Amino acid sequence: MDRLPRARKRFGQNFLASAGAIEKITRQVVELAGGEVLEIGPGRGALTTALLDAGLRVTAVEIDRDLAAHLEDRFRNCRFLLEDGDILEVRFEELLDRLDLPRADRFFVVGNLPYNISKPVVQKLVRERNAVSGAVLMFQKEVAARLTASPRSREYGPLGIFAGAFYRIRTLFDLAPGSFRPAPKVTSTVTVWTKPENRLLEPDSETRFKTCLAVCFRNRRRTLFNNLRHGLAGGEPAARDLLAASGLDGMARAESLDPAAFHTLARLWPDARP
């Protein structure tokens, strides 16, 4: 029997080895996926096998060339396509075009993400959301907590609020380190991403919204007014004008505001950038 490719630290590889977790993830993907499945970092192919066995067509992106060769050989006679490269460099729409398959207009994204690319992948799913129907993704537990946090919690902040403007994100279950080979030093969390029926943020306001969040949370201990007067180009007068127009309490801290408040601020945000 050929030896399986070993995990490489530089790629942040911790291969999922829990049969129970693989079954739960597959069940969720089967329930939600409406088209092609895109797997980020299939590794040795444990989850890939379950997805294929469930009748799904899988396109996988794998940066490790040894693993890519192993996967191509293992799944050569399956409904499986492999893209050899970095997921952060692959354009979803261009990949869909190359597939040339019926209904291949969007991907349902699945992946046990390397911890070091969690935030860039979140940003990519937002940036390329028109080519994504939803996702089931695994993160370090602390990152998942930030993505699903509610106001007035320590984890609540720009990452979760921004991603939440484009997706509904919820946790599915946690996984202990022993569920992986090799075992990481942290707990992981599987999250489910679905598209809201009503778009919360128009494309032309995306940059303003991102800037607004960065300014409002630049110092979590400061009040909203203090963060705005230090972050807006117009200083204190601009901060007072913005708060008056929005009807928000400048003495509140950003972590106490619900996402709707930041949408209000973003709509009123001055053209001058901080």
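In table form, for the structure just shown:
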| quantity | calculated |
| --- | --- |
| Separation in nanometres of the label points that stand 7 Å from Cα toward Cβ, at Asn116 and Thr223 | 4.3 |
| Thr207-Glu236 FRET efficiency (beta carbon distance; Förster radius 22 Å; 0.05 resolution) | 0.40 |
| Three-way shape label, the range 144-231, alpha-carbon gyration tensor, a/c 1.5 | oblate |
| Inter-probe distance in nm under a simple model that places probes 7 Å from Cα toward Cβ, at Asp73 and Asp100 | 2.9 |
| Nearby aspartates and glutamates by direct alpha-carbon distance to Lys119 (threshold 13 angstrom, same-chain neighbours under 8 apart not counted) | Glu142 |
| Flagged links, alpha-carbon separation over 27 Å, of Lys9/Lys210; Lys24/Lys210; Lys9/Lys141 | Lys9/Lys210; Lys24/Lys210 |
| Aspartates and glutamates whose Cα lies under 16 Å from that of Lys124, excluding same-chain neighbours fewer than 8 positions away | Glu39, Asp86, Glu89, Glu93, Glu94, Glu206 |
| Computed E for Glu93/Asn198 - FRET, C-beta separation, R0 25 angstrom, nearest 0.05 | 0.60 |
| Positive-end extreme of charge dipole, the chain - chosen from Val132, Ala252, Leu159 (charges on Cβ) | Ala252 |
| Extension reserve of the Lys185-Arg65 stretch, reckoned as 0.36 nm per residue once the Cα distance is removed | 40.6 nm |
| Ranked packing of 63-73, 231-241, most packed first, by mean Cβ within 10 Å | 63-73, 231-241 |
| Spatial separation of Cα centroids for the range 70-132 and the range 155-234, in angstrom | 22 |
| Cβ-derived FRET efficiency at R0 51 Å, Asp84 paired with Arg152, nearest 0.05 | 0.70 |
| Cα gyration tensor shape of the range 42-113, rounded if a/c is under 1.5, else prolate or oblate by comparing a/b with b/c | oblate |
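Bear in mind that the values in this text are calculations on the coordinates, not laboratory data. Remember, it's a predicted structure, so these values are computed and weren't measured experimentally. Reconstructed Cβ throughout: ideal geometry from the backbone, glycine too, with neighbour counts over all protein chains shown.
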